[in-house]
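These notes are about the structure you will find just below.
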Amino acid sequence: MKIGIDKISMDVSNKYISIEELALKRGVEVAKFLKGIGQNQMSVVSKNQDIITLAYMAAKDIVDDFDREHIDLIIFATESSVDESKAASIYLKNYLGINDYCKCIEMKQACFSATAALDFAKAHVSMNENSRVLVIASDISRYGINTSGEVTQGAGAIAMIVSNGPRILEFNNDEVAYTEDIMDFWRPTYSKYAFVDGKFSVERYLGCLDKVWQRYRQKHSLIELKAICFHVPYTKLARKGLENITVNENIMEEFIHSINFNKRVGNIYTGSLYLSLLSLLSNTETLKGGDNIGMYSYGSGAVAEFYSLKLVKGYKEYLNIDLFKEKLDLRKKVSIEEYETIFFEESTDVENNSEGLEFYLKNILDHKRIYELRKEQ
Ligand code: HMG
């Protein structure tokens, strides 16, 4: 059985800021943020958006009536959970209209969880060949205003359907995983902001890459990779990772395509690697069916994995590339002052402020989240 990614889409919120303007406002050299960090724009969310609204906006583009009937598992990977108990995928199942004979769960391990969710989905499909699994990666990254991590924030979601006989990418079943118990980045449940030991996190991102890459090469020396995607906390770090493991010029060229979207969105945590994959597939002119793409997944704390995916012939026909580019281009630019105001707004103040959003958090009443889907859209 060939199992893999049959459909994939994204959402990147409807607002962004310019990283150049952020540098000017913070009194930082513009070149540090644009070149030293390697980011151009950053997606921003407001109080009526959360991981569930972002996930809905990503998933609605790929879930059709056949999927509504056949999806029997929804895995929501996130580290920005809105509830310690109820899985975010239950809300999503309801608003997407997926059948009731479906399991809904949430998964966590920093930026690694979407990769874990794909592993879980693969195992599920291998036991149930007609199953379709909806895998969501949705996060909002928050370090705080005027912190060194601020320039590496972002928000967005990726939705993927895993099935037998996929039309976009097949799993090569070659994953190598690695775990070490470290405090490089963490988000205690009582804090709205992430805590980070920035330099240490960079060192371990690269150190863990070395661990999984060396072992991957020993075990799978015959797999030829035509491109490599990375978890992208900011594009400069992914570039360093790439330069540490290869000097292949073609792979370097594909890498430029793989960071195009991430430069404009920022770190969407567990979805970042898959945003990079989507960026690569949307922008490459050379990758074709049968080509293998290496994938480096890193989640602080830390779990890393290197694995590969094989492109299916004709994959571009099943990607809505115009829609992905439109989603990036149609975002509204907000000033740094507006972003600072939005940043401190609480979702408990939401009350009927839809801002033209198709799906939004309308209110929190009796500690229950109430969403609204605008019918006319
Ligand atoms: P910082 O201290 O502000 O920056 O923090 P810096 O001083 O390290 O400078 C950054 C780079 O800009 C350096 O380049 C400078 O030389 C360069 P590098 O040494 O890296 O090659 N630079 C310039 N370049 C051109 N022109 C100039 C200029 N000035 C300086 N004028 C840091 C940067 C990334 C540490 C900070 O933003 C941060 O803490 N971010 C959050 C943590 C993070 O993203 N870590 C990444 C690895 S951990 C990870 O990926 C997991 C994560 O996604 C979470 C999860 O798993 O859930 C974060």
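Each reported figure results from applying straightforward, stated rules to the coordinates on display, with no laboratory input. Keep in mind that what you see is a predicted model, and the values were worked out from it rather than measured. Counting neighbours? That spans all protein chains shown, and the Cβs are built from the backbone with ideal geometry, glycine included.
Odds and ends about this structure:
- Of the trypsin sites (Lys or Arg not before Pro) in segment 265-353, the ones in a loop by DSSP (not H, G, I, E or B) with at most 16 other beta carbons within 10 Å are K288, K313.
- Judged by the ratio a/c of the largest to the smallest principal axis of the C-alpha gyration tensor, segment 263-377 counts as prolate, that ratio being 1.5 or greater while a/b is larger than b/c.
- For segment 144-239, the list of GluC sites (Glu not before Pro) that fall in a loop by DSSP and count at most 12 other C-beta atoms within 10 angstrom reads E224.
- With 0.36 nm allotted per residue and the present C-alpha distance subtracted, the I90-D181 stretch has 29.6 nm of extension available.
- Here K60 is the anchor, and the lysines within straight C-alpha reach of less than 20 Å, apart from those fewer than 8 places off in the same chain, are K7, K15, K93, K103, K316, K325, K327, K362, K375.
- Full-stretch length increase - N173, N146 - with 0.36 nm per residue and alpha-carbon distance subtracted: 5.5 nm
- Taken one residue at a time, the phi angles of segment 198-204 give Karplus couplings (6.51, -1.76, 1.60, θ = phi - 60°) of x, 5, 5, 5, 5, 4, 6 Hz. Gly and Pro are set to x.
- Among M57, M183, M42, residue whose mean-square fluctuation peaks in a GNM of the chain (springs only between Cα atoms under 10 Å): M183
- Local net charge near Y307, Cβ-Cβ under 10 Å (Lys/Arg +1, Asp/Glu -1): -4
- For segment 92-101, 3J(HN,Hα) per residue [Karplus equation, 6.51 cos²θ - 1.76 cosθ + 1.60, θ = phi - 60°, Hz, x = Gly/Pro]: 5, 4, 4, 6, 7, x, 7, 4, 6, 8
- Cα gyration tensor shape of segment 279-329, rounded if a/c is under 1.5, else prolate or oblate by comparing a/b with b/c: oblate
- Under a Gaussian network description of the chain, with springs only between Cα atoms under 10 Å, the residue in V265, V212, V44 that fluctuates furthest is V212.
- In segment 155-226, the trypsin sites (Lys or Arg not before Pro) that fall in loop regions by DSSP, at most 12 other Cβ within 10 Å: K192
- Max mean-square fluctuation residue, GNM over the chain, Cα-Cα springs under 10 Å, options N14, N244, N48: N244
- Alpha-carbon Rg with Dmax, taken over segment 14-117, Å: 17.9, 55
- For the chain, calculated [θ]222 nm from helices alone, where every DSSP H run of n ≥ 4 adds -39500 (n - 2.57): -10500 deg cm²/dmol
- Prolate/oblate/rounded call for segment 80-144, Cα gyration tensor, a/c under 1.5 rounded: oblate
- Computed over the alpha-carbon atoms, the chain gives an Rg to Rh ratio of 0.94, Rh here being the Kirkwood radius from the mean inverse distance.
- Exposed-loop-free span, longest in the chain, where chymotrypsin sites (Phe, Trp or Tyr not before Pro) count as exposed if DSSP calls them loop and at most 11 other C-beta atoms lie within 10 Å: 191-377
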